[in-house]
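Before any comments, here is the structure.
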Amino acid sequence: FVQLDPPICRSKILDCAQYQKEDGNTLRSWVPIDRRNYRDGATWLLQTVTAYIKETADKSILDEKVGYFESDVVETLFEHCIRAIEFLYREVGEHGLCLWGGGDWNDSFDGAGLQMIGESVWLSIATIKSTNDFNELLSWLGKEDLIKKYTEKRDKMTENIYKYGWNEDHFIYGINDWHERVGSYDTPTGRLFLNPQTWAVLAHIADDEQKLMDLVEDELSCDFGYVQQKPCYTTPDPHVGRISYFGKGFYENGSVYNHGVAFKIVADCVAGRGNMAYKTIKMMLATNPKNKDSGVEPYALCNMYFGPENETRKGEAPMHWITGTSSWMFRGIVEYLIGVRAEFDGLLIDPRLPDGWDSTKITRSYRNAVYNIEIVRGNDKKVTVDGRAVDGNIVPAFNDGKAHEVTVYIN
């Protein structure tokens with residue numbers, strides 16, 4: 001919603017914030033109320049608020065007063081953000097990583113952390129990403145003391161991620177209540193997961209982004225995308241939860257879970273791999289000739305394709321309309337492949353066009369102005385706005401109600 005309809009986005013952020021608890025965690029959902037102890041909501045609050053203000057420069061939203069769930073306390077949205085980031089760094093286990101609780105983004109890991117001992121490496125990596133985003137907002141607001149505080153916490157957690165969450169050539173998913181490493185080569189199933197690798201790139205903590213993304217290509221790809229994990233779980237395991245009770249290739253147990261694959265598209269672009277991002281987009285679409293019988297309408301994105309380890313229904317697509325894939329696919333294409341995204345001081349244009357794309361055009365509304373942007377391959381890298389060259393690749397926020405012609409030359 002951020003760039004499509006900022007006023008609706010503003011109202012939705014404030015509406016959602018009232019379902020944050022005083023401890024900084026959030027409800028998983030509230031239609032109906034879901035009290036299960038999922039732990040990733042705070043990361044999304046920080047990322048979303050930052051993205052909204054980059055789009056609008058509307059810092060007044062931070063002063064809006066919002067209550068907490070089942071509480072008489074009312075605070076500003078900025079104070080909600082502080083409670084969110086404090087929760088993420090306070091609620092850690094013995095390894096200094098985020099407690100897993102009842103689950104994180106992968107809600108089928110609903111048995112790994114119920115005793116509040118297990119720690120999620122993915123959630124810890126997502127916390128690093130959210131801290132980076134929030135620090136950008138804090139810098140724009142001039143709150144240097146808070147930047148120092150959260151940078152120190154971020155750096156310590158990053159150290160712990162490598163110390164306890166690295167396994168030979170990849171990041172594990174987590175450490176469960178029984179001190180077993182989930183997503184490591186120590187186990188016969190569930191040895192390698194997609195999201196910790198892609199989010200390590202998004203969080204800028206991967207020592208070698210290319211090597212990590214090469215591992216994803218080599219180990220997790222199939223004809224119609226990238227599996228969430230491999231090998232599939234084959235027997236129920238209460239130490240991890242529901243994920244192991246699904247048949248092979250069903251849902252999070254080794255399917256091509258497209259919401260996670262869309263994260264991969266963004267990670268490809270962040271790592272400068274536009275060709276791989278474009279390849280991934282084409283693999284996910286209903287028009288993929290290698291998966292022409294998936295059942296997806298040609299204008300839709302599905303939640304998942306049953307994975308290649310499934311013996312009877314691989315490539316089949318259930319749940320075409322119940323998915324977070326579409327929003328991240330939109331971001332992957334518009335903000336990262338084409339590379340037009342909002343920053344605090346203007347519109348950044350940082351394309352990752354695949355080979356064979358000599359040019360592309362996009363029209364973007366941004367802060368009460370329209371930007372007609374053309375990206376062209378040429379000999380010299382430069383940006384012109386209304387015929388005049390500008391320094392760097394950030395186009396100013398004109399906020400003048402007019403249309404502006406932008407040409408971006410890339411090698």
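The values are calculated or read from the model by the stated rules, or taken from the named source; none is laboratory data. Everything numeric in this text was worked out from a predicted model, so none of it was measured. Virtual Cβ from ideal backbone geometry, glycine too; neighbours counted across all protein chains shown. Each accessible area value is taken on the protein alone, full model and side chains, heavy atoms only, with ligands, DNA and RNA left out. Shrake-Rupley method; radii C 1.70, N 1.55, O 1.52, S 1.80 Å.
Please tell me if residue 92 is touching a Gly at 6+ places or on another chain (Cβ under 8 Å), β-branched (Val, Ile, Thr), in contact (Cβ under 8 Å) with a residue 24 or more places away in the chain and open to solvent by 10 Å² or more (accessible area, probe 1.4 Å).
Details: touching a Gly at 6+ places or on another chain (Cβ under 8 Å): no; β-branched (Val, Ile, Thr): yes; in contact (Cβ under 8 Å) with a residue 24 or more places away in the chain: yes; open to solvent by 10 Å² or more (accessible area, probe 1.4 Å): yes.
No, not satisfied.
Would you pick out the residues in segment 3-24 that are touching a Lys or Arg at 6+ places or on another chain (Cβ under 8 Å) and either aliphatic (A, V, I, L, M) or in a loop (DSSP other than H, G, I, E, B) (or both)?
If we filter segment 3-24 for residues that are touching a Lys or Arg at 6+ places or on another chain (Cβ under 8 Å), which is where we start, we get 3, 20, 22-24.
Scanning segment 3-24 gives 3, 22, 23, 24.
Please work out which one of (1) within 19 Å of residue 271 (Cα to Cα); (2) open to solvent by less than 20 Å² (accessible area, probe 1.4 Å); (3) free of Cβ contacts under 8 Å to residues at least 24 places away in the same chain is the condition residue 349 fails and give its number.
Just one mismatch for residue 349, condition (3).
Kindly indicate which of 216, 240 is of a type in the set (Val, Ile, Thr), assigned to a loop (DSSP other than H, G, I, E, B), touching a residue at least 24 places away in the same chain (Cβ under 8 Å) and surrounded by 20 or more Cβ atoms within 10 Å (Cβ to Cβ).
Values: 216 fails: assigned to a loop (DSSP other than H, G, I, E, B).
That would be 240, the only listed residue that is of a type in the set (Val, Ile, Thr), assigned to a loop (DSSP other than H, G, I, E, B), touching a residue at least 24 places away in the same chain (Cβ under 8 Å) and surrounded by 20 or more Cβ atoms within 10 Å (Cβ to Cβ).
Applying the selection to segment 307-327, what residues are modelled with pLDDT of 95 or more and under 26 Å from residue 273 (Cα atoms)?
307, 308, 315
Just need a number here: residues in segment 292-308 that are in contact (Cβ under 8 Å) with a residue 40 or more places away in the chain, open to solvent by 10 Å² or more (accessible area, probe 1.4 Å) and either of a type in the set (Val, Ile, Thr) or under 20 Å from residue 268 (Cβ atoms) (or both).
Total satisfying the criteria: 1.
Return the residues of segment 243-270 that are open to solvent by 10 Å² or more (accessible area, probe 1.4 Å) and not basic (Lys, Arg); say none if nothing qualifies.
At the first step, the residues of segment 243-270 found to be open to solvent by 10 Å² or more (accessible area, probe 1.4 Å) are 245-248, 250-252, 257, 259, 270.
Across segment 243-270, the qualifying residues are 245, 246, 247, 250, 251, 252, 257, 259, 270.
Restricting to segment 363-377, name every residue that is in contact with a strand residue (DSSP E or B) (Cβ under 8 Å, 6 or more places away or on another chain), open to solvent by 30 Å² or more (accessible area, probe 1.4 Å) and not basic (Lys, Arg).
363, 365, 370, 372, 374, 376
Step by step: first the residues of segment 189-213, then only those that are within 30 Å of residue 154 (Cβ to Cβ) and of a type in the set (Val, Ile, Thr), then the one that is most open to solvent (accessible area, probe 1.4 Å). Which residue is that? Spell out the reasoning first.
Going residue by residue through segment 189-213, those that are within 30 Å of residue 154 (Cβ to Cβ) are 190-213.
Cutting the leftovers down to of a type in the set (Val, Ile, Thr) gives us 198, 201, 205.
Working: 198: 0, 201: 0, 205: 16 Å².
Restricting to residues being within 30 Å of residue 154 (Cβ to Cβ) and of a type in the set (Val, Ile, Thr), the top hit is 205.
Name the single residue, out of those in segment 29-61 being in contact with a Gly (Cβ under 7 Å, 6 or more places away or on another chain) and not aliphatic (A, V, I, L, M), that is nearest to residue 347 (Cα to Cα).
Step one: filter segment 29-61 for residues in contact with a Gly (Cβ under 7 Å, 6 or more places away or on another chain), giving 36-39, 42.
After this cut, where a residue has to be not aliphatic (A, V, I, L, M) as well, the list is 36-39.
On the way: 36: 39, 37: 38, 38: 35, 39: 33 Å.
Result: 39.
Listed here are the residues, each with its yes/no results for (1) at pLDDT 95 or above; (2) assigned to a loop (DSSP other than H, G, I, E, B); (3) among the aliphatic types (A, V, I, L, M); (4) within 18 Å of residue 131 (Cβ to Cβ).
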| position | (1), (2), (3), (4) |
| --- | --- |
| 162 | yes, no, no, yes |
| 177 | yes, yes, no, no |
| 184 | yes, yes, no, no |
| 187 | yes, yes, no, no |
| 196 | yes, no, no, yes |
| 199 | yes, no, no, yes |
| 206 | yes, yes, yes, yes |
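Among the residues of segment 62-74, what is the count of those that are farther than 12 Å from residue 14 by Cβ and within 27 Å of the chain's Cα centre (by Cα)?
Result for segment 62-74: 2.
Quick test of your reading of the structure: residue 282 fulfils all but one of (1) in contact (Cβ under 8 Å) with a residue 60 or more places away in the chain; (2) assigned to a helix (DSSP H, G or I). Name the failing condition by number.
Failing condition for residue 282: (1).
I need a count of the residues in segment 47-89 that are outside any helix (DSSP H, G or I), β-branched (Val, Ile, Thr) and open to solvent by 40 Å² or more (accessible area, probe 1.4 Å). Quick ask: steps written out before the conclusion?
Of the residues in segment 47-89, the ones outside any helix (DSSP H, G or I) are 57-58, 64-76.
Add one more test, that the residue is β-branched (Val, Ile, Thr), and what stays is 66, 73-74, 76.
Still in the running and open to solvent by 40 Å² or more (accessible area, probe 1.4 Å): 73-74.
Count: 2.
Which residue, of 130, 124, is touching a Gly at 6+ places or on another chain (Cβ under 8 Å) and under 16 Å from residue 86 (Cβ atoms)? Steps first, answer last, please.
Details: 130 fails: touching a Gly at 6+ places or on another chain (Cβ under 8 Å).
Sole residue among the options that is touching a Gly at 6+ places or on another chain (Cβ under 8 Å) and under 16 Å from residue 86 (Cβ atoms): 124.
Would you point out which residue out of 401, 392 is in a loop (DSSP other than H, G, I, E, B), surrounded by fewer than 17 Cβ atoms within 10 Å (Cβ to Cβ) and more than 29 Å from the chain's Cα centre (by Cα)?
Values: 392 fails: more than 29 Å from the chain's Cα centre (by Cα).
Result of the check over 401, 392: 401.
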